[in-house]
Amino acid sequence: MSAWNAHDLERILACHTSDVELVVATVVNRWGRPDGRLRGRDELRTHFSRGLELAPDLPFTEEALLVSPDGYALLYRRENDNRALDAVELDADGLARRVHAYYEHAQA
């Protein structure tokens, strides 16, 4: 969360495997991919960079962190008061290998 609040794209990306898979509705809107999927850090870099451009005053506020042996779910509130839930599957090194993001309301 601190990397996002600092807008530190390299720190954000360093938390993900090189072959990470992200599924989120904003991919459909921004990149025209009906399945909402991105794969790999390069695609994440493009997507997250655009997200940071669209929300230059972005702070995330953590509401709840739920953990399991191989991942976690993070419930947080965005700068526009939209709540989101990221369900993250981790690899053996603790890096995100699969992420499904859910929004309470549509997110640009």
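Worth pointing out:
- Some residue of segment 90-102 being farther than 16 Å from residue 27 by Cβ, of a type outside the set (D, E, K, R), surrounded by 17 or more Cβ atoms within 10 Å (Cβ to Cβ) and touching a residue at least 12 places away in the same chain (Cβ under 8 Å): yes
- Residues considered: 17, 61. Of these, the only one that is more than 16 Å from residue 88 (Cα to Cα) and among the β-branched types (Val, Ile, Thr) is 61.
- Qualifying residue in segment 58-68 (condition: among the aromatic types (Phe, Trp, Tyr) and farther than 19 Å from residue 104 by Cα): no
- Strands (runs of 3 or more DSSP E) lying entirely in segment 1-73 (those with 1 or more residues that are surrounded by 14 or more Cβ atoms within 10 Å (Cβ to Cβ), within 13 Å of the chain's Cα centre (by Cα) and touching a residue at least 40 places away in the same chain (Cβ under 8 Å)): 16-23
- Residue list for segment 74-89, filter: assigned to a strand (DSSP E or B) and either of a type outside the set (Lys, Arg) or touching a residue at least 40 places away in the same chain (Cβ under 8 Å) (or both): 74, 75, 76, 84, 85, 86, 87, 88, 89
Bear in mind that the values in this text are calculations on the coordinates, not laboratory data. Nothing here was measured: the structure is a model prediction, and the numbers come from that model. Neighbour counts are summed over all protein chains in view; Cβ atoms, including those assigned to glycine, are modelled from backbone coordinates with ideal geometry.
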